[in-house]
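To keep things clear, I will list the structure first and then write my remarks on it.
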Amino acid sequence: MYSANRRRNIEREERMARRGQRERAAGKLLQKIPDLESLSLEIRETRPNASTNDTQYIRRVVVEHAHALFEMPCSYSSCDNGGYDATQEILSALAARSMRFEGECVCRGSCGGEFCSRILRYVATATYRPRSDVS
């Protein structure tokens, strides 16, 4: 019989393997948005009806190595299988060469059998290389 720690390690390894598969399937960010020079995401994660932000951080994307996948975990320790997927919204804004854009996602996890419902809001700032006009 596995100990609780061993079971958690196996579950963590399985989550990491699934994440790796999703990253490979998504491809590299520069393949999808070749003119992208920099990308920074200011992230705020809150509880519904909360008056203060629970978690706030800035994620600076290393464009040269990044996958075209924008999934972020839920920071609530009691949330099971939680997280946010802003991939489509962010890729669409980058494809449109938006310099600044905002978005919001709701956690898809559960806490004690109920929907987590934490909210992640982001403000993205991007820069692009000038397009080379080849005639």
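What the table below lists for this structure:
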read-out	value
Relative contact order of the chain, pairs being alpha-carbon contacts under 8 Å that are 6 or more residues apart, as %	27 percent
Positive minus negative residues near Ile33 (Lys, Arg vs Asp, Glu; Cβ under 14 Å)	+1
Integer Hz, Karplus 6.51/-1.76/1.60 couplings in order for region 56-68, x for Gly and Pro	8, 7, 10, 10, 8, 7, 7, 4, 4, 10, 6, 7, 7
Point-to-point label distance, Gln88-Asn49, nm (Cα→Cβ direction, 7 Å offset)	3.0 nm
Pairwise FRET efficiency - Tyr57 versus Ile10, Cβ, R0 = 22 Å, nearest 0.05	0.15
Positive-end extreme of charge dipole, region 27-128 - chosen from Ser110, Thr125, Ile58 (charges on Cβ)	Thr125
Over the chain: helical MRE at 222 nm, DSSP H runs n ≥ 4 each giving -39500 (n - 2.57), nearest 500	-8500 deg cm²/dmol
Equivalent ellipsoid dimensions for region 27-128 as semi-axes, Å, which come from the Cα gyration tensor, largest first	27, 14, 11
Unmatched cysteines, the chain - criterion: no other Cβ of a Cys under 4.7 angstrom	Cys105, Cys111
Between 0 and 90°, nearest 10: helix 4-26 axis offset from the chain longest Cα axis	20 degrees
Point-charge dipole on Cβ atoms (K/R +1, D/E -1) for region 27-128, about Cα centre, debye to 20	120 debye
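Laboratory data are not the source of any read-out in this text; all were calculated from the coordinates shown. Keep in mind it's a predicted model, so treat the numbers as computed, not measured. Neighbour counts run over all protein chains shown; Cβ positions are idealised from the backbone, glycine included.
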